[in-house]
Every structure is written in C-alpha cells, then in structure tokens.
Amino acid sequence: MPAHAFTNGRILSMSPTVGTPEVVVVDEGRVVAAGDTGILRSFPDATVQDLAGRVLCPGFIDAHHHLSIAALHPHWADLSAATTVDDLLAALVAQARREPGTPWVRGAGWSDLPTGLVPHRRQLDALGLDRPVVVAHYSLHQAVVCSRALDELGIGRTTPDPPAGTIGRDADGTPNGLLVERAWSEAHARSLAPFADPDRWPDHIEALARDLLADGITAVHDAACPPPAETAYRTLAAAGRLPVSVLVMPHPLALLAEPDAARLDGPPTGEGDSRVRVGAVKLFADGGILPAIDVHMGGVPMRVGELFGGLDAQVALAVGRGFRVAVHAIGNAGLSAALAAFAAAARRHPGVDHRFRVEHACLASPLQLTRLAELGGVAVVQPGFLHHLGRSVEGVRFDDATWLPFGDVLRSGAVLAASSDSPCTFHAPLRTGAHGASRRTGSGAVLDAGQSVSYEDWLCAYTAGAAYAGGQETERGMLAPGLVADMVVLDGDLDATRPPTVAQTWVAGELAYDAAVR
Ligand SMILES: [Zn+2]
C-alpha cells in the first residue's frame, strides 16, 4: 500500500492537539503524521494528494444508524410514499408477488403524518393473502397487522396490553390491528426472521453499507443489533466485505424488548477489532410514538406517555456484566429515568469510565444536560429530526424543557455525538448537519435559533464526538497519528445554506469512493 500525503486544502483534524495541519500523511491504513509542509521531507515516496483548496476531515461516524434493519428495506414493500389505504394495499400485493415464499408480507416506511393514514386490520384481511401482513411505521415504534398475524401472535379480545405497549382496539374491545411500542416487538421479530438467514443478510448489509460511502460515512453504530446481525457483520468482516466499520449495540431481535439475558453472557463492550466491535447495550427509557413527557405549559402541568419501566435493573445488570449502556430517551421524563439509572450504576461501580449514552434527548432542560455532563455522559442526537419532529413541535413551547436542545448540550459540557437514526429519517451527514445549523424544519420555519450548532461543530459531532460515544476515540474520528485513516474530502464551503458535497471517501488509507468516477 503506498503512502499518501494530503495537502493544499483546509484540513480539519478534529483533534485538539493536531488542530488544522497543512499536511496529513497516511500509510498502512493509519495516519502516520500531521503537521506543516516540512514533514513532507520525511515522506519522499508518498503520493501527494492535492486537495486543491477543498476540506479534508475524518470519515463520518453515524452514531445511531439501524444499518442491519435499513439493509432489508429494499426487500420489503416501500410504503413511504403511500398517502391512501389503496396505495398501501397495492404495494403489499406487489410485495406478496415478489416474495412468494416468505412467511410474512412486510411493508416498511408507513407514515400517518400528515395524512392521518392508519389502516384497519380488516382492510389488510380483504387482500386475501395467504400469509400474515405487517405494515411497519417509519419510526419502527408501531405497526398495523392483519387478523392472521394477530392470531399467530396470540393477540385476541381478552389479551391485555403488554407492559410499555398498546393493542389498538375497536369500540367493542376487539383488536383493530394497531400495535404500538412493545406490542409490536414480536411482529417485527417474526417478519424480519426470514431475512435473518445467514446466507442473505450479509449481502443486503454489504450493499447498503457500500452506498453509505458516497455520503462520507465510514463507520456506523448499529443502534439495535440482534445476535444474527452481529454474526452477519463478523462474516462480512472476515471476508473483507464490510465497507464500513461497525460498532454493534446488542439488542434482541424483538425490537424495543428488554435485553436478552443470554447475550449479556456474550462478548462485552470493547471486544472485537477496528472493523467490528461491541458497543453499548441498547435499552429504552420511553417510547418513540408517545415519549414520556412531564412538563409545564404556561404554568399548567402536563404529562403524556409512559416510562418503559425496569430501566434501573437493566442498566445494573448490563453494567455488572461489563457492558456500557445506551438508553433511548426522547421525552424529558424518559431522560430523568435514564439519568437516575446512570447515577445508581456510577455509585455501584465508582472509578469506572461508564461513557453513558443517551440516545435522542429530544426534550431536555439545561439542568438535565448538566447532570448528564457531570456523569461523563454523551448525548447521541439527530440533527435531521429538525425536519420531521421539528415541524410537528413548531409553536409547542414548554416552561421547563426545550425541543432538540443541541446548543444546550454543547453549553452543558456533555459530549455531542451526531447520527441519523436511519431508516427512520434521511441519513446524509452533510444534509442532517445543515438542519442542525439552520434549525430549519420541514416546513421551512426556524425552530429555536438559540439552539443552533455551527456546521463545523456538526462535522465534529459526526467524527470526534461520535467516536467518543462509541469508546473509539483512540481508534478513529480524528486525523491524528496512529488512528485509522478514514477520511472524507468535501467540495464547497461549510455553509449550511449551501452544504458541501462529498468528493472522495477514503477507508483505511485507500480511496473507496470518488464522485468524479461515478
Ligand atoms: Zn433508533
């Protein structure tokens, strides 16, 4: 492998000690030197890569990406454009024809916003399909299923709602097919299982991961990674076929469910190598459809949603087994539950670098974020949420907490790590970061300009910040000697109103994507 010396551009190392060097030299997959042009004399054989004034920064790390699930989306009915029940049904019929041997017919990307589109199980039954049908919501936090699916899941009129889940019902108590939060976990697992085939899943993952390189992404944290997906990643890595580095965040196949005790006996956080490594165990404090919110509005108290429960015990169990933890908390009451569980774990295991992760932190007060910082925590946020969530909360202001408080995270001293939550929303870092800087929602309005984070700080959150969230700061996320030479060359200014584009993506010191040759 030849050495390469990158120069004649603006180099953002994201490392406080390296700063903005004039030259970065990479060799054998790693950064070997960074400094002024004088260092070129030490590398006479290096191939000079002329940046021609462009920006060079570390490859982007998407710290919350459901790569293993997103990889299956092209193989399910795409419901993302459906605005009527007929649209949904047509896509499901086509899917049943396309996958005649698959035990469940699954559609993905259904949205009830802004149309209010929620199918009834009887409409799915009317298709007359010979298999269970599941219409999965884009959030991956609810679905609608047909009657045959309810039968297979053992859900009937007398079935009580599970903890942290709701079974939608008609006025007479009969299930209408809607399954919310943990009520849909098993439907997810069963409809995904046929695709968890060790012969198929790796191919699907490889195909999507290769596409991520075009957006400058060189690493992801798979934020809910079931055991068969861990196996798929290791299979790909062993064959040299994994295009991006993956940090697996263990979670059962039944999405949103409590952690799998057997997996907690397996490889703990940190095990693996620079291609596939075990990250934090993924847990849930609250939901995605109705997060746990406890606020005041004009002095009037207001509570919605519910806590998933059991979090203290789950955090204690995982930490006791040598895992770090990442807790989904969207509402401020969910965040309080996460902070309490973190504090208890820190008391039980003092002197340990717990690197507590909060996933989302969509509604938080400055005091809560300060507490997260005191606990040494990281907020893994999604600037792209400005588009959907930002639009739906325009004009909804609380006395004691702020929506998408990204500026407050930086001010609190907690580490800001950026991510997409793909496939729940679009993933390109240069696009999501633009929303996080401009605070523009999907309607074009500006949501709370005081929470803006600069475009350059988003690039830092997508590199050094995300690496820190994953415990990877001595491996990647900065252009500093000894770290993996994953890099991206950007065309254009770091301007949120006219975001730059990815010119090149380098993985372990080799050119992996070049916009000029596509
Ligand atoms: Zn997620």
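The values are calculated or read from the model by the stated rules, or taken from the named source; none is laboratory data. Treat the numbers as computed from the prediction; the structure is a model and nothing was measured. When we count neighbours, we look across all protein chains shown, and the Cβ atoms used for this are built from the backbone with ideal geometry, even at glycine. Accessible surface is based on the protein model in full, side chains and every heavy atom, while ligands, DNA and RNA are left aside. Shrake-Rupley method; radii C 1.70, N 1.55, O 1.52, S 1.80 Å.
Within the option set G305, G288, being on the phi > 0 side of the Ramachandran plot and not acidic (D, E) holds for one residue only, G305. A318 meets each of the listed conditions (1) touching a His at 6+ places or on another chain (Cβ under 8 Å); (2) open to solvent by less than 10 Å² (accessible area, probe 1.4 Å); (3) farther than 20 Å from G465 by Cα apart from (1). Can you confirm whether G384 is open to solvent by less than 10 Å² (accessible area, probe 1.4 Å) and in contact with a Lys or Arg (Cβ under 8 Å, 6 or more places away or on another chain)? Yes; evaluated as a whole, the condition is true for this residue. Of everything listed in (1) over 24 Å from G471 (Cα atoms); (2) within 16 Å of the ligand (Cβ to nearest atom), the single unmet condition for W201 is (2). Within the option set G390, G376, being part of a loop (DSSP other than H, G, I, E, B), more than 16 Å from the ligand (Cβ to nearest atom) and either touching a residue at least 12 places away in the same chain (Cβ under 8 Å) or surrounded by fewer than 24 Cβ atoms within 10 Å (Cβ to Cβ) (or both) holds for one residue only, G376.
Take the residues of the range 354-372 that are part of a helix (DSSP H, G or I) and open to solvent by less than 30 Å² (accessible area, probe 1.4 Å): which is farthest from G450 (Cα to Cα)? Residue satisfying both the conditions and the ranking: L372. Collect the residues in the range 262-290 that are farther than 21 Å from A338 by Cβ and surrounded by fewer than 17 Cβ atoms within 10 Å (Cβ to Cβ), keeping them in residue-number order. Residues satisfying the conditions are A262, D265, G266, P267, G270, E271, D273. Of the residues G322, G309, the single one that is touching a Pro at 6+ places or on another chain (Cβ under 7 Å), assigned to a loop (DSSP other than H, G, I, E, B) and modelled with pLDDT under 95 is G309. All of A223, A189 fail the test of being farther than 29 Å from T505 by Cα and not hydroxyl-bearing (S, T, Y), apart from A189. With the condition kept exactly as written, say whether any residue in the range 415-438 is farther than 25 Å from T501 by Cα, open to solvent by 10 Å² or more (accessible area, probe 1.4 Å) and in contact (Cβ under 8 Å) with a residue 12 or more places away in the chain. Yes.
Here H188 clears all of (1) out of contact with any Lys or Arg (no Cβ under 8 Å at 6 or more places or on another chain); (2) surrounded by fewer than 20 Cβ atoms within 10 Å (Cβ to Cβ); (3) in a helix (DSSP H, G or I) except the condition numbered (2). Scanning the range 161-185 for residues that are in contact with a strand residue (DSSP E or B) (Cβ under 7 Å, 6 or more places away or on another chain), under 19 Å from L290 (Cα atoms) and part of a loop (DSSP other than H, G, I, E, B) yields D161, A164, R182, A183, W184.
For G482, the conditions (1) within 26 Å of R324 (Cβ to Cβ); (2) surrounded by 19 or more Cβ atoms within 10 Å (Cβ to Cβ); (3) modelled with pLDDT of 95 or more are fulfilled apart from (2).
Restricting to the range 95-153, count the residues that are among the hydrophobic types (A, V, I, L, M, F, W, C), more than 16 Å from the ligand (Cβ to nearest atom) and closer than 15 Å to A77 by Cβ.
Let us first name the residues in the range 95-153 that are among the hydrophobic types (A, V, I, L, M, F, W, C), namely 96, 104-105, 108, 110, 113, 117-118, 124, 126-127, 129, 133-136, 140, 143-146, 149-150, 153.
So of that shortlist, the ones also more than 16 Å from the ligand (Cβ to nearest atom) come out as 96, 104-105, 110, 113, 117-118, 124, 126-127, 129, 133-135, 144-146, 149-150, 153.
Still in the running and closer than 15 Å to A77 by Cβ: 96, 104-105, 110, 117, 124, 127, 129, 133-135, 144-146, 149.
So the answer is 15.
Of the residues I330, I293, only one is touching a Pro at 6+ places or on another chain (Cβ under 6 Å), open to solvent by 10 Å² or more (accessible area, probe 1.4 Å) and modelled with pLDDT of 95 or more; which? Testing whether each residue is touching a Pro at 6+ places or on another chain (Cβ under 6 Å), open to solvent by 10 Å² or more (accessible area, probe 1.4 Å) and modelled with pLDDT of 95 or more leaves just I330.
For the range 95-125, taking the residues that are among the β-branched types (V, I, T) and open to solvent by 50 Å² or more (accessible area, probe 1.4 Å), the one that is farthest from Q142 (Cα to Cα) is identified as T115.
Among the residues examined, D408 qualifies as more than 16 Å from the ligand (Cβ to nearest atom) and either under 26 Å from I69 (Cβ atoms) or touching a helix residue (DSSP H, G or I) at 6+ places or on another chain (Cβ under 7 Å) (or both). Regarding L339, is this residue more than 16 Å from the ligand (Cβ to nearest atom), within 14 Å of A414 (Cβ to Cβ) and modelled with pLDDT of 95 or more? So L339 passes the test.
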